[in-house]
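A short reminder: the numbers here are calculations on the coordinates, not readings from a lab. Because the structure is predicted, anything quoted here is derived from the model rather than measured. Every residue, glycine as well, gets a Cβ built from its backbone with ideal geometry; the counts of neighbours run over all protein chains shown.
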Amino acid sequence: MDTVAKAILKELLPAENEPQAQSVKGRQPAGPLDHLSNAVLLERAAYLRKLAALGDGSASETLKEYPQHAIMLLFRGRSGIAELHENFADIFFVLEGNATLVTGGSIADAKTIAPGETRGSAVTGGSSQNLRTGDVAHVPAGLPHQMLVSSDKSVTCMVLKIQQNL
């Protein structure tokens, strides 16, 4: 992982031995500080790669859930389906590999699978952005998106899901 990505992770997930920041009112934040080291992320990513090889080419894992956000790890050895989350933004931190993120447009064959969650076969009429190791991409709530992976590539991302619409 390059220096920029490590710096972002350090800001998002500071080491346990570092002092916690004071809250706005001068109190310590409630609850324990969580830390996911690069070694842990890479170990979990290797596990997801093996799961994906045994399944449909994709695997993910929720590493930690919080009241209004969650941290996930995602491995894709194939393209994903089109998605839209009405209430959650996705921030993708590319740990390894390459993919194309298509955003905007509309979702073909759209189906609501749960309240606020739409899935479909593809994003049509969207914009494409190539993602590489070290890149960060923010997809706001309500924006159709799809991650495309060519047959000879794969991508591993840490995904931060943030509740935007309360």
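Given the Cα-Cα distance of His69 and Asp152 and 0.36 nm per residue of separation, how much length would full extension add, in nm?
26.6 nm
Can you list the HN-Hα couplings for the stretch 93-103, worked out from phi with the Karplus curve (6.51, -1.76, 1.60; θ = phi - 60°), rounded to whole Hz and with x for Gly and Pro?
Per residue, the Karplus-derived 3J(HN,Hα) values read 10, 7, 7, 6, x, 9, 7, 10, 9, 9, 10 Hz.
If I stretch the segment between Gln129 and Ile81 completely, what's the gain in nm (0.36 nm per residue apart, minus their alpha carbon distance), one decimal?
Gain on extension, Gln129 to Ile81, equals 15.6 nm.
Net charge within 12 Å of Ser150 by Cβ-Cβ distance, Lys/Arg positive one each and Asp/Glu negative one each, not counting Ser150 itself?
Local charge sum for Ser150: +2.
Between Val40 and Ala114, what is the label-to-label distance in nm when each label sits 7 Å out along the Cα-to-Cβ direction?
2.3 nm
Out of residues 5 or more away from Ser79 or on other chains, whose amide H comes under 5 Å of its own, with H placed 1.01 Å from N in the peptide plane?
Here Val149 satisfy the definition.
Run a plain Debye calculation on the stretch 26-132 (Cα atoms as equal point scatterers, no solvent) and give log10 I(q)/I(0) at q = 0.12, 0.13 Å⁻¹, rounded to two decimals, same order as the q list.
With no solvent term, the Cα-only Debye profile gives -0.53, -0.62.
Give the shape of the stretch 75-166 as rounded, prolate or oblate, defined through the alpha-carbon gyration tensor: a ≥ b ≥ c are the square roots of its eigenvalues, a/c under 1.5 means rounded, and otherwise the shape is prolate if a/b is larger than b/c and oblate if not.
Oblate, because a/c is 1.5 or more while a/b does not exceed b/c.
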